[in-house]
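**Q** Here it is, the structure in full.
The values are calculated or read from the model by the stated rules, or taken from the named source; none is laboratory data. This one's a predicted model, so the numbers in the text were calculated from it and none came from an experiment. As a convention, Cβ positions derive from the backbone with ideal geometry for all residues, glycine included, and neighbour counts pool all protein chains shown.
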Amino acid sequence: MVDVWQAPVEVPAFAPARPPAAALEARRVSRSFDGTRVLNEVSLTVEPGRVCALLGPNGAGKTTLVRILSGLVMPDSGSVRVCGLDPAVHERIVRRRLGLVPSGDRTFYLRLSGFENLVFFARLHGIKRRRARERAREVLEQVDLADAARLSVQKYSHGMQKRLSVARALLTEPSVFLVDEATHDLDPVAARNVIEIIRGLCRAGAAVVWATQRLDEIRGFADDVSLLSHGNVRFSGSVPELMTHATPRRFLLRLEDALPGGDLADRVVTALAGRGRVERAGGAGSGHYRLRLRDDVILGDALATLAAADARVLACREERSEIEEAFLALVQERSP
């Protein structure tokens with residue numbers, strides 16, 4: 001068992017006169033590495049009890065921003081406030097109020113058990129030995145790893161290690177969580193487990209920054225979205241607002257011609273006139289079509305129209321989600 005002694009952290013009884021509305025706020029944060037601008041005057045605000053999804057392609061600056069928000073990297077310019085506090089002035093207080101779940105976490109001691117790792121990191125935070133052991137048990141239970149507490153971390157699956165990373169972020173009972181690519185390389189079940197843990201923290205009042213490239217997971221999960229591209233904020237708002245940037249919706253259809261003779265393609269085009277555009281997605285007679293609907297047209301109404309024209313729909317699927325469409329439309333815009 002590895003143990004670390006550190007004098008208990010004396011937390012000053014300092015607090016802003018009025019609790020800030022924002023749990024986390026970044027204002028015009030910029031950062032360059034080796035002469036290359038990675039972040040360009042990025043601003044971000046996250047309120048308690050809300051999840052802010054931080055989207056962007058590889059190299060957009062997401063991880064750099066998360067590291068700046070966590071205090072691991074200092075910005076060249078701009079400011080960060082955590083619960084109204086300046087991390088440069090109130091470093092120890094801020095570190096206890098922040099929980100970081102990094103991408104590709106390799107900081108656990110593989111030969112130690114999950115429990116021993118958490119006690120070790122709790123002691124590094126200045127938590128007294130008895131409380132560190134209590135807290136380790138509590139967070140292991142919270143992330144459903146109590147049964148694996150005494151297993152060495154090298155025996156943990158990738159998903160279990162990710163949950164252990166979440167458990168470590170919980171040790172100081174923080175009010176702000178920074179989660180960087182938490183579901184990267186996880187199977188759908190493991191990814192859903194991590195999302196549910198974070199969702200529970202948010203319901204308890206925590207503010208969450210969720211950096212990801214998996215666009216499908218933010219629907220019904222994120223409250224707000226900030227989209228980065230080449231270090232610039234391309235979009236900031238709600239998920240529904242993000243989807244207004246999507247190009248017309250596209251669907252792949254497979255139709256059955258219910259009438260002998262006649263050209264099915266002509267009938268489909270005529271039936272959907274004014275509602276969207278239809279084109280063959282396969283050879284003549286294949287029954288496969290690509291459908292582009294206008295924004296104000298409901299898919300169900302369009303399918304009912306086809307059925308009324310004796311073109312029965314055998315299959316229909318969205319070619320690309322609205323979130324993905326909006327993401328691509330925004331990141332492909334030129335930099336300001």
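**Q** Can R168 be described as more than 19 Å from V209 (Cβ to Cβ) and in a helix (DSSP H, G or I)?
**A** Judged against the criteria, R168 is not a match.
**Q** Between a residue in segment 192-220 that is at positive phi and in the same structural domain as S236 (by TED's automatic domain parsing) and any residue that is part of a helix (DSSP H, G or I) and at pLDDT below 90, which pairs come within a Cβ distance under 9 Å, given they are 6 or more apart or on different chains?
**A** Qualifying pairs under 9 Å: G220/V239.
**Q** Right, another one. What's the total number of residues in segment 53-71 that are surrounded by fewer than 21 Cβ atoms within 10 Å (Cβ to Cβ) and touching a strand residue (DSSP E or B) at 6+ places or on another chain (Cβ under 8 Å)?
**A** Looking only at that region, the number is 3.
**Q** Within segment 162-189, restricting attention to residues that are surrounded by fewer than 19 Cβ atoms within 10 Å (Cβ to Cβ) and more than 19 Å from R97 (Cα to Cα), which residue is nearest to the chain's Cα centre (by Cα)?
**A** If we take residues in segment 162-189 being surrounded by fewer than 19 Cβ atoms within 10 Å (Cβ to Cβ) and more than 19 Å from R97 (Cα to Cα), then H184 is nearest to the chain's Cα centre (by Cα).
**Q** Filter segment 96-146 for residues that are in contact with a Lys or Arg (Cβ under 7 Å, 6 or more places away or on another chain) and without any contact (Cβ under 8 Å) to a residue 40 or more places away in the chain and give the result.
**A** Across segment 96-146, the qualifying residues are F115, A132, L145.
**Q** Quick one: what pairs do we get from segment 60-75, first residue under 14 Å from S226 (Cα atoms), second surrounded by 23 or more Cβ atoms within 10 Å (Cβ to Cβ) and modelled with pLDDT under 90, C-beta under 6 Å, 6+ apart or different chains?
**A** From residues that are under 14 Å from S226 (Cα atoms), the pairs are K62/G56.
**Q** Here's a follow-up. Between R130, R92, which is modelled with pLDDT under 95 and more than 19 Å from I198 (Cα to Cα)?
**A** R92
**Q** For R150, state whether it is modelled with pLDDT of 95 or more and in the same structural domain as K62 (by TED's automatic domain parsing).
**A** Taking the combined requirement at face value, the residue satisfies it.
**Q** With a cut-off of at least 1 residues that are farther than 19 Å from F177 by Cβ, at pLDDT 75 or above and within 38 Å of the chain's Cα centre (by Cα), name the strands (runs of 3 or more DSSP E) lying wholly within segment 203-288.
**A** Here the list reads 224-229, 232-238, 249-257, 276-280.
**Q** Same structure again: What number of residues within segment 135-154 are surrounded by fewer than 14 Cβ atoms within 10 Å (Cβ to Cβ) and out of contact with any Leu (no Cβ under 7 Å at 6 or more places or on another chain)?
**A** The number of residues fulfilling the criteria is 3.
**Q** Taking segment 172-196 on its own, how many of its residues are out of contact with any helix residue (DSSP H, G or I) (no Cβ under 6 Å at 6 or more places or on another chain) and in a loop (DSSP other than H, G, I, E, B)?
**A** Residues in segment 172-196 being out of contact with any helix residue (DSSP H, G or I) (no Cβ under 6 Å at 6 or more places or on another chain) and in a loop (DSSP other than H, G, I, E, B): 5 in total.
**Q** Could you list all residues from segment 102-134 that are surrounded by 14 or more Cβ atoms within 10 Å (Cβ to Cβ), of a type in the set (S, T, N, Q) and under 27 Å from the mean Cα position of the chain (by Cα)?
**A** S103, N117, listed by residue number.
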